[in-house]
1. Return a yes/no flag: does segment 90-99 have any residue that is closer than 22 Å to residue 42 by Cα and either modelled with pLDDT of 85 or more or surrounded by 14 or more Cβ atoms within 10 Å (Cβ to Cβ) (or both).
2. Scan segment 59-89 residue by residue and report those that are among the hydroxyl-bearing types (Ser, Thr, Tyr) and surrounded by 11 or more Cβ atoms within 10 Å (Cβ to Cβ).
Amino acid sequence: MKASAKRLAGLRRYHAERPVKTRLKLLEALDRLESGHTVLVGPEFKWSKTTLAREAGININTLVRKRPSGEWAFPEINDRFEELRNKRRRAPAVSDLKEEKIAELRNEVEKLREQNRLLALEINRMGQQILAERERADRMAVYEAQNASLREEISRIQAAGRTPLKVVAIHED
């Protein structure tokens, strides 16, 4: 066999195996995209055929190529891709509801924290008022004791000297 015939046979084998290897690459890439454990495109990828081709390490034209009959070159890959993409589109709706609920609960927690802070300030203000009233009541008790002491003193002086004095109550607020 001549060298050119060997090359030609090698090229035919290569091109015969090529669609099988490409299909395998695409299936593995779809599995990685589905699981979120991508190798080439990163975890925050956009769900598109370009991303799939990049993850599989093939040209985008290979993936979107159609045969002369009008069907995809890899119809099972394209069908599975569309199925997974549609599944992904529905999943965020559930995820969005969860995120919305989480945001709502966080807002509620923040409102409750603010209410607790305001209640703590009110309790502090009332406590200060109570302390001020206690101090005032203590001062009043002291004044009352002084008044009683002065009345007794006045009563003794009046009894001793029989001098009429007018009793005046000392009272401060």
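1. No, segment 90-99 contains no residue that is closer than 22 Å to residue 42 by Cα and either modelled with pLDDT of 85 or more or surrounded by 14 or more Cβ atoms within 10 Å (Cβ to Cβ) (or both).
2. Our first condition is that a residue be among the hydroxyl-bearing types (Ser, Thr, Tyr); within segment 59-89, this holds for 62, 69.
Across segment 59-89, the qualifying residue is only 62.
For (1) surrounded by 10 or more Cβ atoms within 10 Å (Cβ to Cβ); (2) in contact (Cβ under 8 Å) with a residue 60 or more places away in the chain; (3) of a type in the set (Asp, Glu); (4) within 14 Å of residue 81 (Cβ to Cβ), each residue gets a yes or a no:
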position	(1), (2), (3), (4)
5	no, no, no, no
12	yes, no, no, no
15	no, no, no, no
19	yes, no, no, no
26	yes, no, no, yes
38	yes, no, no, no
46	no, no, no, yes
51	yes, no, no, yes
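The values are calculated or read from the model by the stated rules, or taken from the named source; none is laboratory data. Because the structure is predicted, anything quoted here is derived from the model rather than measured. Cβ sites come from the backbone with ideal geometry, for glycine too, and all protein chains shown count toward neighbours.
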